[in-house]
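Working notes, structure below.
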Amino acid sequence: MSDLRDPAPYDALLLLSFGGPEGPDDVVPFLANVTRGRGIPEERLKEVGKHYFLFGGVSPINAQNRALLDALRKDFSEHGLDLPVYWGNRNWAPYLTDTLREMADDGHRRIAVLATSAYASYSGCRQYRENLAESLAALEAEGLPVPRVDKLRHYFNHPGFVEPMVEGVLASLADLPDEVRPGAHLAFTTHSIPTSAADTSGPVEAHGDGGAYVAEHLDVARLIVDAVRERTGTAYPWRLVYQSRSGAPHIPWLEPDICDHLDALHGDGVPAVVMAPIGFVSDHMEVLYDLDTEATARAAELGLPVRRSATVGADPRFAAAVRDLVLERAAAEQGREPRRCALGTLGASHDLCPVGCCPARAPKPAAAGADSPCA
């Protein structure tokens, strides 16, 4: 094996995701896991779970993670990268602790971790690092060998993540009726989060209005807009908007909401909209319900033609990007200077989350950071 295919010191890759129910009986227990510690009664969980019940109680995220696992294993094999790939979730089977226990039993001691969240935020990065710390502590309490875990850097601006989204927007534009396509608007969507969480996302020097979370999404949106203009000759107007708000109404969250944005565009006479969910790796429930169901229904009420572009999912280019991220981090751990692929103005993200990055309201131990043991 050449050094370009040498993953050392890593002996395995962990795909770390959110998880989701796989049948009606799973919905309430799954939501109980998601909301653990908040004291939410079961009747309220059933109400919250209505989106899942509309789709037979099955979240698409698990099938999509299985497809991504297959894509990663295929890509690694075809490119001579001898690295087993495992999968663990935060909120549903296969649970993270169970997967790490399996990995430890299989002899793995240095694990690279890919989270299915491309951007900086507490819920998209720090919380996963907290989950890792909790699971590793559980293994230690059981007397098992505790592997070291290194979370791979944010990949929002990696070409293998951006290019499939560019093609998705182009395909959606091409699918619009000819008479409305020239005046179409691009609405780039991501998960809304509390403004306080956005403002403190990323390293301390990135904190401020929207923090790294908003800045990174804006950079990706501009990359896509520029690529679409180059390939179509049209500079489509665009805006970053938000979806899937779930917090108390008195707490400020990022706005505008996608449905409110559709109302405003219709009022301004915009003839068509492409909704591009750049904040999501795959077509999980927030995409399936909030965009394909709720926002699309609102557009139909307005008589506004809309199309929803594809997420990256298990695209082979994304699998190749993951391989690149693993080998890049391995090279850095070997003391070499790797070439770091990154588009846009922000450059490649940090390997190691610095102190103060995406802080939680209540500090908890987190793995794979500058403030973590064995960092």
Exercise. Carbon and sulfur together cover what percent of the accessible area of the range 289-374 at a 1.4 Å probe radius?
Worked result: 55 percent
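Taking every pair of Cα atoms in the chain, average 1/r, invert it to obtain the Kirkwood radius, and report Rg/Rh to two decimals.
0.96
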Seminar exercise, completed: Here the range 1-94 gives, from Cα atoms, an Rg and Dmax in Å of 17.7, 57
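Please state, as a whole number in µm²/s, the translational diffusion coefficient that the Stokes-Einstein equation yields for the range 259-375 at 25 °C and 0.890 mPa s, with Rh defined as the Kirkwood radius across alpha carbon pairs.
Using the Kirkwood radius from Cα pairs, D works out to 135 µm²/s.
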Exercise. Roughly what % of DSSP beta bridges within the chain run antiparallel, to the nearest 5?
Worked result: 5 percent
For this session: Return the FRET efficiency for the residue pair Arg5, Thr345: r is the Cβ-Cβ distance, R0 is 35 Å, and the value is rounded to the nearest 0.05.
Result: 0.65
Exercise. Between Ala264 and Lys50, what FRET efficiency comes out of the Förster formula 1/(1 + (r/R0)^6) with R0 = 30 Å and r the beta carbon distance, rounded to 0.05?
Worked result: 0.65
Exercise. Taking only protein heavy atoms and a 1.4 Å probe, what accessible area per residue, in Å², does the chain have with all protein chains in place?
Worked result: 42 Å²
For this session: Report the charge-dipole magnitude of the range 164-320 in Debye, nearest 20, computed about the Cα centre from +1 at each Lys and Arg Cβ and -1 at each Asp and Glu Cβ.
Result: 260 debye
Exercise. Counting each DSSP H run of 4 or more residues in the chain as -39500 (n - 2.57), what helix-only mean residue ellipticity at 222 nm follows after dividing by all residues, to the nearest 500 deg cm²/dmol?
Worked result: -11500 deg cm²/dmol
Exercise. In nanometres, what is the gap between the two model label sites at Ser196 and Thr293, each 7 Å from Cα along Cα-to-Cβ?
Worked result: 3.1 nm
For this session: Report the FRET efficiency, 1/(1 + (r/R0)^6), for Glu255 and Thr232, where r is their Cβ-Cβ distance and R0 is 22 Å, rounded to 0.05.
Result: 0.15
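The values are calculated or read from the model by the stated rules, or taken from the named source; none is laboratory data. From a predicted model like this one, the values you see are computed outputs, not experimental measurements. Here the Cβ is made from the backbone with ideal geometry for all residues, glycine too, and neighbour counts use every protein chain on show. Note: areas computed on protein heavy atoms with side chains; ligands, DNA, RNA excluded. Shrake-Rupley method; radii C 1.70, N 1.55, O 1.52, S 1.80 Å.
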